[in-house]
4 protein chains.
Amino acid sequence: MKQYRVGIAGYGVVGRRRHQFINQNSLLNVVSVCDVTMAEGKLEREDVRVYTDYQKMIREEKLDILFVCLTNDVAAHATILGLINGCHVFCEKPPGRNLQEVSEVIKTEKLNPNLKLKYGFNHRYHDSVREALKIVKSGEYGKIINIRGVYGKSTIVSVENGWRANREIAGGGILLDQGIHMVDLIRLFAGEIDEIKSYVSNSYWNLEVEDNAFALMKSNSGVIIQFQSTATEWRHRFNLQINLEKGTLVLSGILSGSKSYGQETLTIFPQDIQSGGNPKTETVNYLEDNSWRDEINEFAKCVNENIPVQTGSSSDAYETLKLVYRIYFEDAEWRNKYNIKVE
Amino acid sequence: MKQYRVGIAGYGVVGRRRHQFINQNSLLNVVSVCDVTMAEGKLEREDVRVYTDYQKMIREEKLDILFVCLTNDVAAHATILGLINGCHVFCEKPPGRNLQEVSEVIKTEKLNPNLKLKYGFNHRYHDSVREALKIVKSGEYGKIINIRGVYGKSTIVSVENGWRANREIAGGGILLDQGIHMVDLIRLFAGEIDEIKSYVSNSYWNLEVEDNAFALMKSNSGVIIQFQSTATEWRHRFNLQINLEKGTLVLSGILSGSKSYGQETLTIFPQDIQSGGNPKTETVNYLEDNSWRDEINEFAKCVNENIPVQTGSSSDAYETLKLVYRIYFEDAEWRNKYNIKVE
Amino acid sequence: MKQYRVGIAGYGVVGRRRHQFINQNSLLNVVSVCDVTMAEGKLEREDVRVYTDYQKMIREEKLDILFVCLTNDVAAHATILGLINGCHVFCEKPPGRNLQEVSEVIKTEKLNPNLKLKYGFNHRYHDSVREALKIVKSGEYGKIINIRGVYGKSTIVSVENGWRANREIAGGGILLDQGIHMVDLIRLFAGEIDEIKSYVSNSYWNLEVEDNAFALMKSNSGVIIQFQSTATEWRHRFNLQINLEKGTLVLSGILSGSKSYGQETLTIFPQDIQSGGNPKTETVNYLEDNSWRDEINEFAKCVNENIPVQTGSSSDAYETLKLVYRIYFEDAEWRNKYNIKVE
Amino acid sequence: MKQYRVGIAGYGVVGRRRHQFINQNSLLNVVSVCDVTMAEGKLEREDVRVYTDYQKMIREEKLDILFVCLTNDVAAHATILGLINGCHVFCEKPPGRNLQEVSEVIKTEKLNPNLKLKYGFNHRYHDSVREALKIVKSGEYGKIINIRGVYGKSTIVSVENGWRANREIAGGGILLDQGIHMVDLIRLFAGEIDEIKSYVSNSYWNLEVEDNAFALMKSNSGVIIQFQSTATEWRHRFNLQINLEKGTLVLSGILSGSKSYGQETLTIFPQDIQSGGNPKTETVNYLEDNSWRDEINEFAKCVNENIPVQTGSSSDAYETLKLVYRIYFEDAEWRNKYNIKVE
């Protein structure tokens, strides 16, 4: 069986995690990784070359597939370079620091129609999310009326990720880094957004990037969405409540490496007026985070069978990033302070 | 000991409930009640006259104190009539259908400076709320950063309260009826509101009054508030999360006659970055709803000792109602459709 | 319509609570109450005579129905006296201090076959219990394998109930007073008990009556039961888990006047080996405690229509009390210390 | 730095997991593994020899340290062989199929006083357990009154572990395999056990080994313990409630590879009679299972610094296994059916 030669640009927590799941796919073979913090040579115990410069790796390794797990400032550049050098590319979110960067990527993508480009929005692959989407699509509970979502943690900067506070490198803060996942899910459930009212703030952590973003939105189809992305939520929280005409779905907790967002559950309660607001509830607890595995497998399949990318396409990535920027933009103070543009 | 002669105008669920708690206060003596649905005469087993017309009751009974538990359309009128006839008045929320009505009340109040006027915003008297306020004021957790609140139930109209769907009588829907309590608490914690962005809708129940109101607000002091008042929340819910600089307070559930909002709890979790977003939490479960008793006792004391009304003053009632109307107003479509005015 | 003349012997918390629910039944009319702590005369605002001596009340009032809400030491005596005087009798649990007393009651009952005798085991009337019983009987989840039950509170003695610590008056402690309800439910679900292993102790509160009872039991049909009745459970708790062959029912929390046992819920989770021990769960939250109302209504119906008592018959009361005594008896130390006998 | 040559006998799920954590300790170096299901040769990507026969591995490899992760039937034999061949030995629970086997191990251990022998009871190393033990020992809440424990899962046999249903190989069922951890914790908190009353059953799964064990026990110091080990608990459960004189500790959930036992929490609620059985509760959620790492590190330290084994000594392992066997023994039917002996 043919194996694709894979290179991983950026070998921090995420790059290493990707490596682990790439190894589980028999179509893929990691031949090289690169990271500015490593020494050139070989990975311990593995026959994998190590680079410090992703440009050098891309030029020298004749890769079939490039995984981009770099800092935000070079994500788009590396993606473009990969495409130019004939690589299928899988790039982590955010797809770039801003819309302009992603537009450039898409231009390059169009010039290479035989190459697959996929972005890592793994939340769509969580079992609780997939089940919720299936239920919504079934129509069993009617249409969505409104959505409330909170994604929060207690800080922006960690030891490994000090660069996240640097606007020049990161491009944005908690909304661009973590909240973008929920923005993506909001688009998944509510469709495209028509109106946005927002507040964006960095007044708590006093960094160059936002530590809180609040948005009140209305979708084209009339769904109202309340959303908060925050780095001042002292108890880690992932909560997405979808109110439909005949029932409610609550996604609470999400499996992650840290386990800090709590157990991943989907709770369903039907409209039942007779129950006095206390309908019988159903809860499923998901034990496995298969999102990383399934996302990579789907990408490998697209490459191998020449199938268009469905989830995490460049178009989806662009629209999700655009919604992030529209949230920035609608806070006039924030827009002016950081010269936010939405093409 | 002197007992004050009390009349209760409006003898539905709320009027009867007030009666029960008035009976527990030895300063107060209910001598008459009135309700359009009752027959004139005497209350069974009680030496209490029954009227069908509140105007007649107020004119004939030489009351010291009037409780106004009527429908919204006559609340302000009865309050004014009580004041004019020399009664101290306790009036349920909302203080009127709109700001104009309450302005008229306040004018009358000013002409009768010796009379006490208090409004029934009993949520401020719930033990969980009082404890939360005490903690916030202590400064232990620093200043408030932001607040998220949801108050929801599964319908607007019940058998007894069919009039709530009638705009002419009710003046407004779920926000004016139930959400106003949380609006009042938001003012209590965040202070006066500077900016408001909102959506107001009646598209689910298709009544003349709103079944959903969403607001994104900023207080004068910079606190951001996300708030939803809803009649399409299939599981009754009262949840108010107050994020402070060094910790979070969550008020979840609230004791009520129906028990349908769940146990009334206050959960505290401190900022503890080292905990990875899982700080030690403290939870208190409140078993007793003393709000009705305490609210009436405080009013009786104000009357008896000639003390100014602190909680639920006409000024507070006006400002809270005004915030409700500003939420209506800021949704341009709603404003135009129902000719909303905010003086 | 004929109304039955009702007397209530014992007018503490329970007697007064019964009065409230008797008033809701149009077949019943309370004409007298008695309590050693009251003054003779009339109840305020009610046309109800007050006695201090239940014997005098029974002799003088020509009652149709007697409610016995007295202390345990005179419960059986009053019941017998009621029957002898031609009253239908409703007696609170426990039916007496010991089996001998209840045997005497049953002898008297047999001499008056036209009179109804019912005991107050209201837990069987809670909606969560009724629903659980219905599910078990449906056979949907197969037979019961085992049961775990805990009923606990944080003290035996309260201000009103100081006599509960007096062995001469109370006959027993937490097991006889509170635990007897769960013993009754265990009989309801598991049937009669074959083997018992137990520990009974008063070592914490150092009163004459038990503050803890633990039982490990096997029913005739092979169901194993673990049960603890305790007055050293610092958080009030009612929890009864019924493990069946194909699923589990958990009764958690129970509605009571104090609300201190938490919300009354029934949670169901099916056997689902594929789920890795995390099957989809269903939860119902019960908002109303209709047990007191329904129990009295059923009794009134039995009296009025001359139907045999089904729930809370003297036979049931005897067997439940016997099981309590067998739990006492099987702890040899306790048996010897307090000369426990099980006929 | 000297590294100890480590061999792992038994390379299933547990053996591989140990390997992972041994690799994290710089004192230890895995040079060989063995498993009957593997092919001889080398581990992929690692310089580790693979055996199929543990006896051959022990004889040929000149190991310093042997990890025994074999099936129960050969655990004691391999341990003895390791000691005879001069290895320090770390052996998984259970230490053997029965007490006789462990007695033989201890005899061999005494002949090799320079060798360390440690058993894998990793639950003592969970952070929630350690914190609870610390609180108990602090005396803050007084002495332990009683303990309730349940450890349950939904089956005995899994694909990999079909041998667990084979009495000849496994020696026992759910109690010996999983319940033994909680038996060990019961000894940790309550001390040695004086009296035992029990039921042991295999009537659900109809295997040769028990699927349920119930024990009602009293410790030498008077603590009463209710304990159930079960393979018919349809929702995985780990719950250990420790009632002390002035408060209660609840250990609920426990981190494991499967995450199926829920989040690992320690909840504390103090005695607070005034609270009406609803004291303020404190909850800590533990995010990391450091038990495997810490257990191995402690063993490595004992070996390296010649310190006696404290946790998981052969004496502890023997006493814990003995308590398991006493629970078997006290059910007369079970004792006779399987000829249970307790020396």
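Computed with a 1.4 angstrom probe on protein heavy atoms, the B-A interface buries about 3800 square angstrom of accessible area in total. Per-residue extension of 0.36 nm, minus the Cα-Cα distance of D:Asn206 and D:Ser138, leaves a gain of 20.0 nm for this segment. At the residue level, A:Glu208 shows approximately 90 square angstrom of accessible surface with a 1.4 angstrom probe and all protein chains present. Around A:Ser203, with a cut-off of 14 angstrom between Cβ atoms, what is the net charge of the other residues, counting Lys and Arg +1 and Asp and Glu -1? That sum, taken over residues with Cβ under 14 Å, equals -3. About its Cα centre, chain A has a charge dipole of approximately 240 debye under the convention of +1 per Lys or Arg Cβ and -1 per Asp or Glu Cβ, with nothing else charged.
Here's the list of lysines a cross-link from B:Lys110 could span, going by alpha-carbon distance under 26 Å and ignoring same-chain residues fewer than 8 apart: B:Lys56, B:Lys62, B:Lys93, B:Lys118, B:Lys301, B:Lys322, B:Lys341. For A:Gly120, nonlocal amide neighbours, meaning residues 5 or more places apart or on other chains whose placed amide H falls under 5 Å from its own, are A:Cys91, A:Glu92, A:Lys93. Put the Cα centre of the range C:197-270 next to the Cα centre of the range A:1-61 and the gap is 58 Å. Compactness check for the range D:208-343: Cα Rg over 2.2 N^0.38 Å is 1.33. One chain, two ends: C:Gln100 and C:Val36. Fully extended at 0.36 nm per residue, the span grows by 20.5 nm beyond their Cα-Cα distance.
Placing a label point 7 Å from the Cα of A:Ser221 along the Cα-to-Cβ line, the residues of the range A:162-186 whose backbone N sits under 19 Å from it are A:182-186.
Taking a straight line from the alpha carbon of C:Lys280, these lysines sit under 23 Å away, with near neighbours fewer than eight places off in the same chain left out: A:Lys134, A:Lys137, A:Lys246, A:Lys259, A:Lys280, C:Lys134, C:Lys137, C:Lys143, C:Lys246, D:Lys153, D:Lys259.
I'd like to know how the range C:198-237 sits against the 2.2 N^0.38 Å rule of thumb: what's its Cα Rg over that expected value?
On the way: Rg = 12.4 Å, N = 40, 2.2 N^0.38 = 8.9 Å.
Rounded to two decimals, the normalised Rg is 1.38.
Roughly what % antiparallel, to the nearest 5, for the DSSP beta bridges in the protein assembly as shown? Within the protein assembly as shown, antiparallel bridges account for around 60 percent of the total. Across the copies of the chain, D:Val342 has label points (7 Å from Cα along Cα→Cβ) spaced 2.2, 7.3, 7.5 nm apart, shortest distance listed first. Set the Cα radius of gyration of the protein assembly as shown against 2.2 N^0.38 Å, with N its number of residues, and you get 1.04. Dimensions of the range A:4-115 based on its C-alpha atoms, expressed as ranges along the principal axes with the largest first, amount to 40, 27, 24 Å. Mean-square fluctuations from a GNM of chain A, with a 10 angstrom spring cutoff on Cα atoms, peak among A:Glu305, A:Glu192, A:Glu333 at A:Glu305. For B:Ile307, the label point sits 7 Å beyond Cα toward Cβ; its separations from the matching points on the remaining copies run 5.5, 6.3, 7.3 nm, from shortest to longest.
This model, with +1 at the C-beta of Lys and Arg and -1 at the C-beta of Asp and Glu, gives the protein assembly as shown a dipole about its Cα centre of some 0 debye. The D:Lys301 and D:Lys107 beta-carbon pair, evaluated with R₀ = 22 Å, returns a calculated FRET efficiency of approximately 0.25.
Restricting the range D:1-86 to trypsin sites (Lys or Arg not before Pro) that sit in a DSSP loop and have at most 11 other Cβ atoms within 10 Å of their own Cβ leaves D:Lys2, D:Arg45. How far is C:Leu43 from itself in the other copies, in nm, if each label sits 7 Å out from Cα along the Cα-Cβ line, shortest first? With the label placed 7 Å along Cα→Cβ, C:Leu43 yields 1.7, 7.9, 8.1 nm. With r defined as the distance between the Cβ atoms of D:Ala332 and C:Ser315 and R0 fixed at 25 Å, what FRET efficiency is calculated, to the nearest 0.05? About 0.20, to the nearest 0.05. Taking the C-alpha atoms only, the angle from helix D:314-330 to the longest principal axis of chain D is near 60 degrees.
I'd like the per residue volume of the convex hull spanned by the Cα atoms of the range A:62-159, given in cubic angstrom.
Numbers: hull volume 17.0 nm³, N = 98.
Taking the convex hull of the Cα positions in the range A:62-159, it is 174 Å³ per residue.
With both residues required to sit in the range D:1-115, DSSP beta bridges show an antiparallel share near 10%.
The two copies A and C are related by a rotation, and the chain A beta carbon nearest its axis, with distance in whole angstrom, is A:Glu282, 3.
Calculate the FRET efficiency for B:Thr52 and B:Asn114 from the Cβ-Cβ distance with a Förster distance of 25 Å, rounded to the nearest 0.05. Before the final figure, lay out each step's value.
On the way: r = 30 Å, r/R0 = 1.21.
So the FRET efficiency works out to roughly 0.25.
To test your reading of the geometry: what angle, between 0 and 90 degrees and rounded to tens, separates the Cα axis of helix A:291-305 from the longest principal axis of chain A? That works out to roughly 60 degrees.
Relative to the longest principal axis of the Cα atoms of chain A, the long axis of helix A:127-138 lies at roughly 50 degrees. Just the number, please: Stokes-Einstein D of chain B in µm²/s, Kirkwood Rh from C-alpha pairs, 10 °C, 1.306 mPa s. Answer, rounded: 76 µm²/s. If only the Cβ of Lys and Arg carry +1 and only the Cβ of Asp and Glu carry -1, the dipole of the range D:165-305 around its Cα centre is close to 400 debye. Placing unit charges on the Cβ atoms of the charged side chains and taking the dipole of the range A:230-343 about its Cα centre, the candidate lying farthest along the positive direction among A:Gln310, A:Ile273, A:Phe299 is A:Ile273.
The values are calculated or read from the model by the stated rules, or taken from the named source; none is laboratory data. What you see is a predicted model, and the numbers here were worked out from it, not measured in a lab. Every residue, glycine as well, gets a Cβ built from its backbone with ideal geometry; the counts of neighbours run over all protein chains shown. Just so you know, the surface numbers come from the protein's heavy atoms only, side chains and all, with ligands and any DNA or RNA stripped out. Shrake-Rupley method; radii C 1.70, N 1.55, O 1.52, S 1.80 Å.
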